[in-house]
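Chemist: Sharing a structure, written as structure tokens. Questions coming.
Taken together, the values in this text are just the output of simple stated rules run on the coordinates, not laboratory data. The structure presented is a predicted model; accordingly, all values stated were derived computationally and were not measured. Every residue, glycine among them, receives a Cβ derived from its backbone with ideal geometry; neighbour counts consider all protein chains shown.
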Amino acid sequence: MSGILLVEDDPDLRMMLRVVLGRIPDCDVTGEALDANEAIEAAGNLKPFLIILDHSLGGAMTGLEVAPMLRAAAPNAHILLFSAYDLSREAAAEPAIDGFLRKDSVQTLRSTIEKIRTVV
Amino acid sequence: MNSTFETLRIVQLIVFGGLALLTMLRWLRRRGRGEAWLAGIFAILGGIIAVGFFIPRDASGTLEDALMRKALLAVLLFFPYALFRFADSIDPHRGWVRSACTGLTIAACLVPFALGPLPDTEGPRTLAWGAYVVLMMVQWVFCSLAAGIKLWRRGKNQPTVIRRRMRSLSLGTFGLALAIIVSVTFGRPGEVSLARIVTLMIGVLCGPLFVLGATPPAWVIMLWRRPEVAVMREAVKQLMGAETTEQIANSLLAPAVRVVGGEKGVFVFEGNVIASVGVEKREGPRTLARLEQRVAQGDETVLWMRLRKGALCIALSPCAPLLGDREEIELLRSTAILADLAFERVGNQEKERAATVAQRDFLAVASHDLRTPLAVIQGYTGLMNVNWADIPDEEKIRFNERIDRQARHLARLVDDLLVSSRLEARALYTQPVDVPLLPEVLKALEVVGTNAATVDVDVPESIVVRIDPEHLQRVLVNLLTNALEHGQSPVEVTAATEGMYVEICVRDHGPGVSPEAVPGLFQRFARVGSGPGRAPGTGLGLYIVDGLMREVGGFVAYETPPSGIGARFRVSIPVASVIEDSPEGERWIAV
């Protein structure tokens, strides 16, 4: 179990996350997915320790909806919901999700990942 | 005893003569079918009593006298029969009852003409005349009972005024039948006996009952109508508290059906049945169609009351047109006006709710779409702030390019949000001038990052439009962005003058817009698809194009090209000369 799976359909955002995560120790991005189906498949294959999951995915499902399926595919992965919407309450109510980060607070990505690692 | 008898005869004459006059006056005033029936019925009774009072009681023995008396007898026997037919017109009797009444009446009218001379009122009756008197009693009692029972029963569940009128008529009819039985059973020809006085007294007492049934005074009607007024008062209370159109319809319909003596009713709103009484709601449209057909055929037992919004359609009981009072309908009409006010109130509330939802959607979409580019900018700037020295120069340049792209995207979003808010508030500033179209098209191509080499442009240089150049740019950029982002090449821009308009078409060769998405294409936040998988963008571009076009007196339309491939947006802008020559030009321009 290693690496991070990025589930984000915006290419600029995905690229930025990859660059930012590349500067954090032990946070190499090992997989990327653009929608729910790709994400479930990648989670099952890669068994990442962290999945950064966008809420507004391309396709019919939202991040909140796909989270339990990702948890089933990779039971040991931590899931961080990443959205421009304020979904902290919804994320807290979903057992499959371990943390929430709003997109305009991306500068706190490092501390959020560390917190998830410590708490979970 | 004689003086009592004579006094009662005078009272009887006054009561029934008065009743005949009152019913005829009511008929002259109202001219209704029910009024005509009752005037006819009581004219027969009053007329016979008057004639009987004034002609000598002793037969003169002449042929004319005998014929006249027999004819009067036949007319008298038409009274219970006419009452029977009146009740029958409200609700038909069974076939055998109708046959029996008709047969007995014909027999009772014709038999005297076959029996020879009338017996002397002072002398004994022959056996044949004795048998005839029994036949006459049977006819009277049978017709009266059939009419009285029908009126009594049919009065059930009717509005109070109709019910009490029917029951008064019914009791009067029973009373007269009793009087006939007493007279025939206990009366002796030629004697002023107690039986004849009792007969007269019963007859006199029936008079007020007939008055109440046939021509109830206004104050009595007001007293009787109190329950219906209370029902309407309650309906008004319900209407005031109703929060949906369905609640308004239900608050009004059930009391309305009760007040006017309806059997079933439907409430129609914007072409749909939204409430029904006496029929299943899903049967409503079929019931409505049948009722509409009856109205078209002139059926007066259907009440069709049109409100400013919606309509009430009520199938009345057959009693209502004959014995109902227009006051009930007026009472309903005055309450229905309040329903119109309630509809208006609910409509305003719904608009306010829709505005709140739109505002909420706006905030959600705006915050989401603004935060996404912001996240990219923050991510790269944060990274460079902390690791500036470690990042190679070529990466810094790449990061900077992305920051720049996202900043421009952000600027466009903010701009779109501001313009759409101004359009919504009708507070857009415009400064129309004559603008040559081709340079503006080329400028727009540059803004969206392309040029005439990748987009086919066919715009004559001579075309000049009168519009705020900033708004024209916004329209062109939005349409080109859509074509390049959501469609497929080749993208074409064409323009031509068509009458009073310059028509600019932007066409791509992509999948086009799905037919179900077309109606909402120009609405705020409209995006093809729904949920998180919908097309990217703010959903404001086409809304802004549509709004700006309206501001300049033009319009935008979506068309599927004849080949069925791609999407085509046609913008029609009034040509410059039209605006200048138009007397309303100032109004169009001064937004």
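Chemist: In this model, which of B:Lys156/B:Lys309; B:Lys281/B:Lys309; A:Lys115/B:Lys396; A:Lys47/A:Lys115; B:Lys156/B:Lys264; B:Lys237/B:Lys309 are farther than 23 Å apart at the alpha-carbon?
Modeler: Correct reply: B:Lys156/B:Lys309; A:Lys115/B:Lys396.
Chemist: Could you give the length gained by full extension between B:Leu223 and B:Arg353, i.e. 0.36 nm per residue of separation minus their alpha carbon distance, to one decimal place?
Modeler: Going from the current span to full extension adds 42.3 nm.
Chemist: Ok, one more. The stretch B:424-517: which trypsin sites (Lys or Arg not before Pro) are DSSP loop and have at most 10 other beta-carbon atoms within 10 angstrom?
Modeler: Answer in residue order: B:Arg426.
Chemist: Given a Förster radius of 35 Å and the C-beta distance between B:Asp65 and B:Glu292 as r, what FRET efficiency does 1/(1 + (r/R0)^6) yield to the nearest 0.05?
Modeler: After rounding, the FRET efficiency stands at 0.05.
Chemist: Just check the stretch A:62-120 against the gyration tensor rule for me: Cα atoms, a ≥ b ≥ c as the square roots of the eigenvalues, rounded for a/c under 1.5, and otherwise prolate or oblate depending on whether a/b exceeds b/c.
Modeler: Details: a/c = 1.97, a/b = 1.21, b/c = 1.63.
Taking the square roots of the gyration eigenvalues as a ≥ b ≥ c, the stretch A:62-120 is oblate.
Chemist: Given axes a ≥ b ≥ c from the Cα gyration tensor, I'd like to know whether the stretch A:12-98 is rounded (a/c under 1.5), prolate (a/b larger than b/c) or oblate. Display every interim value, and only then the final one.
Modeler: Working: a/c = 1.38, a/b = 1.20, b/c = 1.15.
Rounded, since a/c falls under 1.5.
Chemist: Which order do the peptides B:84-94, B:265-275, A:51-61 take when ranked by the mean count of other beta-carbon atoms within 10 Å per residue, highest first?
Modeler: A:51-61, B:265-275, B:84-94
Chemist: Here's another thing I want to ask about it. Kindly state, to the nearest 0.05, the FRET efficiency for B:Asp434 paired with B:Thr560, given R0 = 41 Å and r defined as their beta-carbon distance. Show your work: numbers first, answer last.
Modeler: Numbers: r = 33 Å, r/R0 = 0.81.
Rounded to the nearest 0.05, the efficiency is 0.80.
Chemist: Further, regarding this structure: Spin-label point model (7 Å from Cα, Cβ direction): what's the A:Asp104 to B:Leu194 distance in nm?
Modeler: 10.6
Chemist: What value, in deg cm²/dmol to 500, does the helix sum -39500 (n - 2.57) over DSSP H runs of n ≥ 4 give at 222 nm once divided by the residues of chain B?
Modeler: -22000 deg cm²/dmol
Chemist: If only Cα atoms are counted, what is the Rg of the stretch B:102-167, and what is its Dmax, in Å?
Modeler: Answer for the stretch B:102-167, Rg first and Dmax second: 17.5, 51 Å.
Chemist: Can you list, bin by bin at 5 Å, the percent of alpha carbon pairs in the stretch B:1-58, starting at 0?
Modeler: 4, 21, 22, 20, 13, 10, 6, 4, 1
Chemist: Tell me, Kirkwood radius of chain B from alpha-carbon pair distances, in Å?
Modeler: Computed over chain B, the radius equals 32.2 Å.
Chemist: Is the C-alpha gyration tensor of the stretch B:263-374 telling us rounded, prolate or oblate? Criteria: a/c under 1.5 is rounded; beyond that, a/b larger than b/c is prolate, otherwise oblate.
Modeler: Verdict is prolate for the stretch B:263-374.
Chemist: With unit charges on the beta carbons (Lys and Arg positive, Asp and Glu negative) and the dipole taken about the Cα centre of the protein assembly as shown, which residue among B:Pro439, B:Ala249, B:Thr23 sits farthest to the positive side?
Modeler: Checking the options against the dipole of the protein assembly as shown, the answer is B:Thr23.
Chemist: Just the number: Rg to Rh for the stretch B:190-314, Cα atoms, Kirkwood Rh, two decimals. The partial results should precede the final answer.
Modeler: On the way: Rg = 21.8 Å, Rh = 17.5 Å.
We get a ratio of 1.25 for the stretch B:190-314.
Chemist: Treating only the Cβ of Lys, Arg, Asp and Glu as charged (+1, +1, -1, -1), what charge dipole size does chain B show about its Cα centre? Round to the nearest 20 debye.
Modeler: Working: 63 positive and 61 negative charges, 920 e Å.
Value, rounded to 20: 4420 debye.
Chemist: Scan chain B and note any complete DSSP helix (H) whose C-alpha atoms cover at least 30 Å along its axis and whose Kyte-Doolittle average is 1.0 or more. Write down the numbers at each step before the final one.
Modeler: Values: long enough: B:2-30 (41 Å, 0.70); B:33-54 (32 Å, 1.57); B:63-90 (41 Å, 1.08); B:127-154 (40 Å, 1.10); B:160-186 (38 Å, 1.08); B:326-387 (90 Å, -0.10); B:393-424 (46 Å, -0.87).
Membrane-span-like by this rule: B:33-54, B:63-90, B:127-154, B:160-186.
Chemist: Expressed as a rounded percentage, what relative contact order does the stretch B:176-228 have, with Cα pairs under 8 Å and six or more residues apart? Walk me through the numbers before you get to the answer.
Modeler: Numbers: 21 pairs, mean separation 17.4, N = 53.
Relative contact order here is 33 percent.
Chemist: A further question on this structure: Using only alpha carbons, build the gyration tensor for the protein assembly as shown and give me the equivalent ellipsoid semi-axes, biggest first, whole Å.
Modeler: 93, 32, 20
Chemist: Label point 7 Å out from B:Ser462 along Cα-to-Cβ: which residues of the stretch B:435-452 have amide N under 16 Å?
Modeler: Hits in the stretch B:435-452 for B:Ser462 at 16 Å: B:436-438.
Chemist: Of B:Met136, B:Ala567, A:Met15, whose Cα points farthest to the positive end of the dipole of the protein assembly as shown (charges on the beta-carbon: +1 Lys, Arg; -1 Asp, Glu; origin at the Cα centre)?
Modeler: Farthest towards the positive end: B:Met136.
Chemist: Taking just the alpha carbons, could you work out the radius of gyration and Dmax for the stretch B:380-440, both in angstroms?
Modeler: Expressed in Å, the Cα Rg and Dmax of the stretch B:380-440 come to 19.3, 54.
Chemist: In nanometres, what is the gap between the two model label sites at B:Asp88 and A:Ala72, each 7 Å from Cα along Cα-to-Cβ?
Modeler: Reported label-point gap for B:Asp88 and A:Ala72 is 7.8 nm.
Chemist: Something else: Could you work out the mean count of beta carbons from other protein chains within 10 Å of each residue's beta carbon in B:398-404?
Modeler: On the way: counts 2, 3, 0, 0, 6, 2, 0.
The mean count of partner-chain Cβ atoms within 10 Å per residue comes to 2.
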